[in-house]
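A short worksheet on the structure shown next.
The values are calculated or read from the model by the stated rules, or taken from the named source; none is laboratory data. The structure displayed is predicted, hence computed values, not measured ones. We place every Cβ from the backbone using ideal geometry, glycine too, and count neighbours over all the protein chains shown. The protein model used for the area step is the full one, side chains on, heavy atoms only, and it has no ligands, DNA or RNA in it. Shrake-Rupley method; radii C 1.70, N 1.55, O 1.52, S 1.80 Å.
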Amino acid sequence: MRHVHTTFLALPLVMAFLGCSSLNTTQKGAGIGALGGAAAGGLVGSAVHHPVAGALIGGALGAGGGALIGNQLQGHEEVQQQQQEEINRQSSEVRRQREELQRLKKQGEY
């Protein structure tokens, strides 16, 4: 029964954490990893009668792993953002050149 209470306590914390828009992807990954690692470590630790130690170790390992994964995802997001900005710049230039071409064609007709 104790495990069920812990799950119901952890779920709102996870949901609140995921809703924090001020955190970057690396920080969110570290937090999610820490929560997941602490939960898994607590379960493993309780099997050997040391749930707190297991949760602390699992949380630390989970935070490190989550931060690494989050950092990779953040890097991909930044590259995609740069590519989209370049696409937007090139689209604007193409639109400007088409307008200029249309203007020149009209000048040639008169």
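May I ask you to order 86-96, 59-69 by the average number of other C-beta atoms within 10 Å around their residues, highest value first?
Details: 86-96: 10.0, 59-69: 18.0.
So the order, starting with the most tightly packed, is 59-69, 86-96.
Solvent-accessible area per residue in region 37-76 equals 61 Å², computed with a 1.4 angstrom probe and all protein chains kept. Each listed q (0.12, 0.15, 0.24 Å⁻¹) maps to a log10 I(q)/I(0) for region 44-110, found by the Debye formula over equal Cα scatterers with no solvent: -0.61, -0.71, -0.95.
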